[in-house]
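For reference, the structure is listed below as structure tokens.
The values are calculated or read from the model by the stated rules, or taken from the named source; none is laboratory data. Owing to the predicted nature of the structure, the values given are computational and were not obtained by experimental measurement. Here the Cβ positions follow ideal geometry from the backbone for every residue, glycine too, while neighbour counts run over all protein chains shown. We work out accessible area using only protein heavy atoms, side chains counted, and drop any ligands, DNA or RNA first. Shrake-Rupley method; radii C 1.70, N 1.55, O 1.52, S 1.80 Å.
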Amino acid sequence: MCGIAGILKIHPPGPDGAPAEPPHPPHPLEAIPEAWLDILDDSIKHRGPDGAGRFRDRAVRPDGTVIDIALVHRRLSIIDHAGGHQPMVHDGHRLRSDLTYGPGETPILAHEAAPGVPLVAVVFNGCIYNHRELRTELEASGHRFETDHSDTEVLVHGWRAWGLRIIEELNGMCADLIWDRSTGQLAWGRDQSGEKPLYESWSIQSHAFCNCTPGLLRLFGSQWPSWDKEKSGIVHCSLADWIRSGSAYEQPTAISSQRVPYGMQITPPAPMRGASTDSIVNQRGSQVLGRSGALSNRSDTGAKLTLRRGHELLHSAVTSRLEADAPLGLFLSGGLDSALIAAIAHQSRPDIKAFTVRMPHPDYDESAAAADTARSIGIDHTILDCDPHPADDLVKLIEQLGLPFGDSSLLPTYWVCKAARQHVKVALSGDGGDELFGGYRRHTINATLNRRRRLLRLIPSGLLDQRRPSSRSTYLVRLATAARYGGYSELLAIFPTPDLRRLIPELDGLPTGDDTFRPVDDPLRHDFEHYLPDDLLRKTDTASMAVALEVRAPLLARDLVDAALRTPLDVLMPNDERKGLLKQVARKYLPEHIINRPKRGFAIPIGEWFRTDYGHLRQLLHDHLRSADPFPGLAEAGVNINMKFVEQRLREHDAAGEKSINPWHGRDHSQRLYMLLVLSIWAKWLDRIRQGQA
């Protein structure tokens with residue numbers, strides 16, 4: 001587990017195909033300034049406190065194009081402490097530690113005038129769970145390994161032996177950059193589920209990569225060529241998507257108002273790709289590839305989940321994630337997913353420890369339920385107290401992520417990780433269970449929404465009590481809104497269409513009625529491809545890496561994901577029972593009362609804290625939303641926030657907490673106000689970057 005970054009710079013050939021500059025210029029390091037690498041390194045150093053390294057190289061392609069590459073790495077040492085240092089460089093004969101250097105050291109250039117030399121350099125963020133099996137296969141074909149058991153070296157030799165095939169063979173979570181001097185190309189990619197992030201930014205001749213967006217934004221703001229600070233603003237059509245849902249695939253960013261061709265996006269959870277031309281554009285992969293490369297669809301023939309296969313795949317998924325040369329434990333909540341993982345892990349490794357964090361509000365604390373689960377399993381269990389500072393923690397996390405991320409469960413996830421990090425360096429989590437096996441109420445209501453939307457539109461939303469966000473009446477309003485407008489996506493929206501129209505009156509392209517209702521036939525797949533990587537996994541990565549904790553998700557094992565995505569919905573949810581198949585599997589390990597325990601979302605009473613000022617959240621909210629310029633830069637981007645509407649929501653939210661028998665007296669706006677607060681924190685931080693002050 002690490003932080004990675006890199007820059008690829010392309011110098012087009014001269015008019016006669018001559019190299020853009022001499023193979024050995026007087027100042028070969030000027031192509032990519034060391035200051036650029038310092039900026040990227042600073043943004044990822046929290047992800048890897050155990051080591052740091054950099055690598056440089058240059059190649060000249062046959063057409064005369066000169067390619068400069070620089071890789072940056074920060075290490076969180078989990079596997080093979082002695083041998084797993086990065087960037088890992090192989091010259092075709094041996095590993096070359098002499099070609100890397102650290103921050104503040106004299107840069108080294110592994111310089112060659114022409115491609116053809118078989119030098120491969122890798123920076124890798126994640127963990128390869130089948131690295132021992134792959135190592136055995138590669139050794140049998142003649143590859144000589146120099147580390148004892150580094151999973152990174154498997155990636156190096158696998159690329160040398162198989163090229164892109166190594167990516168299809170990996171069982172793990174990863175984001176990686178692989179430089180191949182023999183072709184003068186850089187390849188990059190992420191795991192299929194999107195557990196590890198990799199953001200990209202580019203100009204006409206440069207392409208930068210980083211686990212975190214702040215490094216790329218600061219690169220734009222202080223070093224990237226042609227940056228016009230006086231005329232720059234926040235320009236990106238996806239900003240409205242972030243406000244609507246709290247997360248999105250496309251990244252809103254700072255970009256010149258003169259439309260200089262810069263951009264930023266997150267690398268899709270998809271197979272690896274490479275840069276081969278001056279123009280580098282990637283599109284999101286809309287389908288998930290199975291291990292064999294075949295598309296995983298529910299209509300596919302092939303291995304689907306059965307009770308027996310579910311047992312086999314889950315056992316393999318959990319046990320493969322138990323290797324570490326550092327203290328390893330697991331998160332245990334009161335829910336099914338973490339309980340099942342804990343039971344399987346305890347069978348294979350009886351000494352493993354489970355951790356639960358006691359939340360600061362009794363209505364959201366699952367420590368008692370988790371303790372009951374631990375007793376049933378017989379696992380060593382520790383309940384930890386968290387040290388929450390909501391206002392300070394929120395500002396820190398949003399600025400560290402560099403995105404207007406609107407999921408308030410980021411805070412409790414951070415507190416859990418921070419408390420667990422005092423005891424372990426690696427933790428197993430239950431991420432992915434709801435999305436793959438049908439754990440949300442919206443998964444079972446979706447078919448009714450599609451079939452009965454004309455009837456659901458008749459629900460009198462204006463007459464229903466919306467003072468409690470989890471009440472039945474509030475949910476009926478959401479269902480009616482979904483039926484009237486965009487469909488399934490409205491069920492996930494923080495700002496459903498009517499509210500978003502009032503918040504941003506000039507916004508175009510919103511659903512208007514039946515002609516824009518978009519039915520979703522497979523809500524589980526929709527959530528796996530969008531909600532899971534864009535929201536949940538982004539949240540887990542942000543929270544865990546803020547404290548340098550590696551989190552592994554057994555339920556996202558590649559073979560298990562592939563089988564689940566092939567399995568019909570009525571098998572995963574028989575008789576519309578949420579997680580019905582997973583519950584059948586769990587009966588081998590857990591008592592019935594744990595399996596059937598009602599689902600509780602991992603949340604905090606954010607709306608109540610906005611009223612009581614717990615952790616200074618109310619003060620933070622009002623300081624931002626009632627400041628002179630709550631959202632600097634948004635108006636220039638064409639996103640004009642209706643501040644009268646914002647003020648009305650503040651008053652309605654306070655009124656909803658007052659004792660009143662009038663159901664129209666106030667409305668809970670917990671998540672909407674949280675989204676606006678996050679948006680303001682992010683916009684002000686981005687404005688400081690634009691001004692060179694952050």
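Report whether or not I166 is open to solvent by less than 20 Å² (accessible area, probe 1.4 Å), under 24 Å from the mean Cα position of the chain (by Cα), closer than 19 Å to V89 by Cβ and free of Cβ contacts under 8 Å to residues at least 60 places away in the same chain.
When the stated conditions are applied, I166 passes them.
Filter the stretch 365-399 for residues that are under 25 Å from the mean Cα position of the chain (by Cα), surrounded by fewer than 17 Cβ atoms within 10 Å (Cβ to Cβ) and either in a helix (DSSP H, G or I) or touching a residue at least 40 places away in the same chain (Cβ under 8 Å) (or both) and give the result.
Answer for the stretch 365-399, where residues must be under 25 Å from the mean Cα position of the chain (by Cα), surrounded by fewer than 17 Cβ atoms within 10 Å (Cβ to Cβ) and either in a helix (DSSP H, G or I) or touching a residue at least 40 places away in the same chain (Cβ under 8 Å) (or both): H389, D392, K396.
Based on this model, can you work out whether A339 counts as under 29 Å from R578 (Cα atoms), modelled with pLDDT of 95 or more, aliphatic (A, V, I, L, M) and out of contact with any His (no Cβ under 8 Å at 6 or more places or on another chain)?
Yes: the conditions hold for A339.
Among the residues of the stretch 88-108, what is the count of those that are assigned to a loop (DSSP other than H, G, I, E, B) and either modelled with pLDDT of 85 or more or small (G, A, S) (or both)?
Adding up the residues that qualify gives 11.
So P412 passes all but one of these: (1) assigned to a helix (DSSP H, G or I); (2) over 24 Å from the mean Cα position of the chain (by Cα). Which condition number does it fail?
(2)
Residue by residue through the stretch 38-87, note down the ones that are open to solvent by 10 Å² or more (accessible area, probe 1.4 Å), closer than 22 Å to D325 by Cβ and part of a strand (DSSP E or B).
G51, A52, R74, R75
Kindly list, by first and then second residue, each pair from a residue in the stretch 639-651 that is closer than 17 Å to A240 by Cβ to a residue that is open to solvent by 50 Å² or more (accessible area, probe 1.4 Å) and acidic (D, E), limited to pairs with Cβ atoms under 8 Å and residues at least 6 apart or on different chains.
Cβ pairs passing all conditions: N640/E506.
May I ask you to verify whether K659 is more than 30 Å from A371 (Cα to Cα), modelled with pLDDT of 95 or more and either open to solvent by 20 Å² or more (accessible area, probe 1.4 Å) or over 30 Å from the mean Cα position of the chain (by Cα) (or both)?
no
Output the number of the condition that T448 fails; it satisfies all remaining conditions of (1) hydroxyl-bearing (S, T, Y); (2) open to solvent by 20 Å² or more (accessible area, probe 1.4 Å); (3) under 21 Å from T542 (Cβ atoms).
In the conditions (1) hydroxyl-bearing (S, T, Y); (2) open to solvent by 20 Å² or more (accessible area, probe 1.4 Å); (3) under 21 Å from T542 (Cβ atoms), T448 misses (3) alone.
Out of curiosity, is I178 in contact with a strand residue (DSSP E or B) (Cβ under 9 Å, 6 or more places away or on another chain), touching a residue at least 60 places away in the same chain (Cβ under 8 Å) and either closer than 24 Å to S77 by Cβ or not in a helix (DSSP H, G or I) (or both)?
In short, yes.
Mind listing whichever residues of the stretch 538-597 are part of a helix (DSSP H, G or I) and surrounded by fewer than 18 Cβ atoms within 10 Å (Cβ to Cβ)?
D559, D570, V571, P574, N575, D576, G580, Q584, E592, H593
Just one of the numbered conditions (1) part of a helix (DSSP H, G or I); (2) touching a Pro at 6+ places or on another chain (Cβ under 7 Å) is not true of V424; which one?
The single condition V424 does not satisfy is (1).
Of the residues R518, R472, R457, which single one is touching a residue at least 12 places away in the same chain (Cβ under 8 Å), within 28 Å of G666 (Cβ to Cβ) and open to solvent by 20 Å² or more (accessible area, probe 1.4 Å)?
The match here is R457.
Please determine whether any residue of the stretch 130-146 is open to solvent by less than 50 Å² (accessible area, probe 1.4 Å), assigned to a loop (DSSP other than H, G, I, E, B) and out of contact with any helix residue (DSSP H, G or I) (no Cβ under 7 Å at 6 or more places or on another chain).
yes
Select from the stretch 598-630 the residues that are part of a loop (DSSP other than H, G, I, E, B) and either out of contact with any His (no Cβ under 9 Å at 6 or more places or on another chain) or of a type in the set (D, E) (or both) and list them in ascending order.
Listed by number, the residues that qualify are P598, K599, R600, G601, F602, A603, D613, R626, S627, A628, D629.
Tally the residues that are charged (D, E, K, R) and in contact with a strand residue (DSSP E or B) (Cβ under 6 Å, 6 or more places away or on another chain), restricting the search to the stretch 420-452.
Total meeting the criteria: 0.
Based on what the data block shows, is H111 modelled with pLDDT of 90 or more, touching a strand residue (DSSP E or B) at 6+ places or on another chain (Cβ under 8 Å), within 20 Å of L177 (Cα to Cα) and of a type outside the set (G, A, S)?
The answer is no for H111.
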